[in-house]
Amino acid sequence: MKTFDKTWTVIDIIRWGTEYFQNKQIDSPRLTIELLLCEVLNCERISLYTNFEKPLKDEELQKLKEFIKRRANREPLQFILGKTKFFNTELKINNSAIVPRPETELMVSIADEIIQQNIDKIKDVLDIGTGSGCIAISLAKKYPNINFTAIDINPNSLQLAKENAIYNDVENSMNFLNLDILTNVPDEKYDLVISNPPYISKQEYEQLEPEILNYEPKEALTDNSDGLTFYRRFSDIFGVIMTPNAFFLLEIAYNQFEDVSKIFKEKGFEINYVQDWSGIKRIIIGQKQNRY
Ligand code: GLN
């Protein structure tokens, strides 16, 4: 890597960094260098543009150099920045949880609609495998009168989710439980259950890009099997942990709709779906069939 042995201005860095990341085949090279620069200078992107000629101090250059090296090694940008934006929140991020994805924001926006339409009925919401806490926290922020329970098998991600709840000022309406949903169930019943479980099959997991394989926690991404383990388990336990008219919302992989809907229909659930912006059936909406 080129050493910083001259005066470097903001625009010099943007130009150099864009080309450097481009050559390293890093996604969105210009945006990447700009966001790293913003973090180092502690500013918004817009002020990069109004300070093109501003020279960087030595310690800023040193810090930036470290960040550039990490991104060139394929560490996800959000882990380097230590934060990300999700729905209506800013969340702290570290490698004890996956980086929240846009598909999950879509699921949260559907949860938001379901809650709005059933505002008198939905009092208790469960988020299974909360990770950074993104799902529960963004909804808790919007609905301060609902109780949210966030569970995770990994105590480190639960710790991160708790910090994020405090950071977003919603800790008073949240419970955190360290629990393995494959072997255990929470004691309460819920009016809405949401989960983005580890749904990548063992086979597909191994083909993923280095950002994911080398940095994000494996147990949050794959069941080490056919990708359907959690849906099978959910179809066994949702009858027990859901109140009579409760809903559930699940994120699924691009090719899982048929399998997942079959799993739930066999257990007497009604299934619907929402497509993402690529036309993929991405979110499952379910309810118990009320014929009893
Ligand atoms: N609920 C978190 C998210 O959607 C974590 C999901 C997971 O670890 N599989 O980002």
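The values are calculated or read from the model by the stated rules, or taken from the named source; none is laboratory data. Only a predicted model underlies this, so the values are computations on that prediction, with no experimental measurement involved. Here the Cβ positions follow ideal geometry from the backbone for every residue, glycine too, while neighbour counts run over all protein chains shown. Accessible surface areas use protein heavy atoms only, side chains included; no ligands, DNA or RNA. Shrake-Rupley method; radii C 1.70, N 1.55, O 1.52, S 1.80 Å.
Brief remarks follow.
- Taking the criterion of being of a type outside the set (Ser, Thr, Tyr) and under 18 Å from the mean Cα position of the chain (by Cα), the residues of the stretch 249-273 that qualify are LEU249, LEU250, GLU251, ILE252, ALA253.
- For the stretch 95-121, filtered to residues that are within 13 Å of the ligand (Cβ to nearest atom) and polar (S, T, N, Q), the residue that is most open to solvent (accessible area, probe 1.4 Å) is ASN95.
- Taken over the stretch 122-148, the residue count meeting the criterion of being surrounded by 18 or more Cβ atoms within 10 Å (Cβ to Cβ) and within 18 Å of THR104 (Cβ to Cβ) is 18.
- Tally of residues being within 18 Å of the chain's Cα centre (by Cα), among the polar types (S, T, N, Q) and away from the ligand (no atom under 16 Å from the Cβ) across the stretch 184-220: 1
- Considered as a group, the residues in the stretch 78-94 that are in a loop (DSSP other than H, G, I, E, B) and open to solvent by 30 Å² or more (accessible area, probe 1.4 Å) include one that is nearest to ILE153 (Cα to Cα), and that residue is ASN94.
- Of all residues in the stretch 40-58, those being open to solvent by 100 Å² or more (accessible area, probe 1.4 Å), within 28 Å of the chain's Cα centre (by Cα) and more than 18 Å from GLN78 (Cβ to Cβ) number 1.
- None of THR9, THR32 is at pLDDT 95 or above and either buried (at least 18 other Cβ atoms within 10 Å of the Cβ) or among the hydrophobic types (A, V, I, L, M, F, W, C) (or both) except THR32.
To keep it simple, each residue is scored yes or no on (1) modelled with pLDDT of 95 or more; (2) under 19 Å from the mean Cα position of the chain (by Cα).
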| position | (1), (2) |
| --- | --- |
| LYS2 | no, no |
| ARG15 | yes, no |
| CYS38 | yes, no |
| PHE67 | yes, no |
| PRO76 | yes, yes |
| LEU81 | yes, yes |
| LYS85 | yes, yes |
| ARG101 | yes, yes |
| GLU105 | yes, yes |
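- Scanning the stretch 205-220 for residues that are among the acidic types (Asp, Glu) and free of Cβ contacts under 8 Å to residues at least 24 places away in the same chain returns a single hit, GLU206.
- Among the residues making up the stretch 29-58, those that are in a helix (DSSP H, G or I) and either in contact with a Gly (Cβ under 9 Å, 6 or more places away or on another chain) or polar (S, T, N, Q) (or both) are PRO29, ARG30, THR32, ILE33, GLU34, LEU36, LEU37, GLU39, SER47.
- Odd one out for ILE26, checked against (1) open to solvent by less than 20 Å² (accessible area, probe 1.4 Å); (2) within 16 Å of the ligand (Cβ to nearest atom); (3) not in a helix (DSSP H, G or I): (2)
- Of all residue pairs spaced 6 or more apart or on separate chains, those with beta-carbon atoms under 7 Å, a first member in the stretch 126-145 that is closer than 22 Å to ARG233 by Cβ and part of a helix (DSSP H, G or I) and a second member that is open to solvent by 10 Å² or more (accessible area, probe 1.4 Å) and within 8 Å of the ligand (Cβ to nearest atom) are CYS134/PRO100; ILE135/ASN196.
- Hits in the stretch 170-188 - residues which are open to solvent by 90 Å² or more (accessible area, probe 1.4 Å), in contact (Cβ under 8 Å) with a residue 24 or more places away in the chain and more than 9 Å from ILE151 (Cβ to Cβ): GLU188
- Of everything in the stretch 227-260 that is of a type in the set (S, T, N, Q) and under 15 Å from ILE271 (Cα atoms), the residue that is surrounded by the fewest Cβ atoms within 10 Å (Cβ to Cβ) is ASN245.
- Being touching a Lys or Arg at 6+ places or on another chain (Cβ under 6 Å) and more than 24 Å from LYS24 (Cα to Cα) is a property that does not hold for ASN147.
- Just one of the listed residues (ASP223, ASP191) is at negative phi, free of Cβ contacts under 8 Å to residues at least 40 places away in the same chain, in contact with a Phe, Trp or Tyr (Cβ under 9 Å, 6 or more places away or on another chain) and among the acidic types (Asp, Glu), namely ASP223.
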